[in-house]
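The values are calculated or read from the model by the stated rules, or taken from the named source; none is laboratory data. As the structure is a prediction and not an experimental result, all values here were calculated from the model. Virtual Cβ from ideal backbone geometry, glycine too; neighbours counted across all protein chains shown. When the accessible area is computed, the model is the full protein with side chains, heavy atoms only, and any ligands, DNA or RNA have been set aside. Shrake-Rupley method; radii C 1.70, N 1.55, O 1.52, S 1.80 Å.
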Amino acid sequence: MSTIPLITPDLVALDIVATDRDAATRQLIDLLAASGRVTDADGFHADVRAREAQMATGMPGGIGLPHARSEHVSAPSLAVGRVPAGVDFGAPDGPATLVFLIAAPASGDAAHLKILAALARRLVHESFRTSILQAPDAGTVADIITREVNPS
């Protein structure tokens, strides 16, 4: 694994206001771009949308899990957003209030799948989802994920 942490507080948005998954995803992409982890926000957004068009990435429990491998990603990264009003990611039980955007370099197939699997294993636990929803600040969200999601 690289020495760059998967998530840092600047990759957490506590109160996303968005009317659809595209807008919510774009706000997270903008955080990745601002941190230098995404070199072309529009290009990465197109890659995420293409992946989303193949299959919805909503999970039960109010989770959106958009993800893509892209030549516009410089390091495996995770951006997280809380969307209090919820946005539709195609989950059977309704809108997502937590969105986890996995960004992986085009060459990083194994890393991308490890992150996805490690995160999915934690997301099935209501206590994990609740801890993120109730975290008081971005630093706490990043700490919880760093501690709980270990894609090794």
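Note on ASP88 and SER127: the extension gain reaches 11.8 nm, defined as 0.36 nm multiplied by sequence separation minus the Cα-Cα distance.
Over the chain, with the other protein chains present, what is the accessible area per residue in square angstrom, probe 1.4 angstrom?
Heavy-atom SASA per residue in the chain reads 46 Å².
Distances between placed amide hydrogens fall under 5 Å for ALA96 paired with VAL87, ASP88, PHE89, all partners being 5 or more residues away or on another chain.
Note on ASP137 and ALA41: the model spin-label points, each 7 Å out from Cα along the C-beta direction, lie 2.5 nm apart. By the combined test of axial Cα extent (at least 18 Å) and Kyte-Doolittle hydropathy (mean at least 0.0), the qualifying DSSP H helices of the chain come to 21-34, 109-123. Projecting label points 7 angstrom from Cα along Cα→Cβ for VAL17 and THR146 puts them 3.1 nm apart. Surface composition of the range 108-152: carbon and sulfur make up 52 percent of the accessible area, probe 1.4 Å. The residues packed around THR97, meaning those with a beta-carbon under 15 Å from its beta-carbon, carry a net charge of -2 if Lys and Arg are +1 and Asp and Glu are -1. When nucleic acids and ligands are ignored and a 1.4 Å probe is applied, ASP93 ends up with an accessible area of around 90 Å².
Anisotropy class assigned to the range 1-53 is oblate, per the alpha carbon gyration tensor with a/c at or over the 1.5 cut-off and a/b no larger than b/c.
Which shape class, rounded, prolate or oblate, goes with the chain when its Cα gyration tensor gives a ≥ b ≥ c as root eigenvalues, a/c under 1.5 marks rounded, and past that a/b bigger than b/c marks prolate? Judged from the Cα gyration tensor, the chain comes out rounded (a/c under 1.5).
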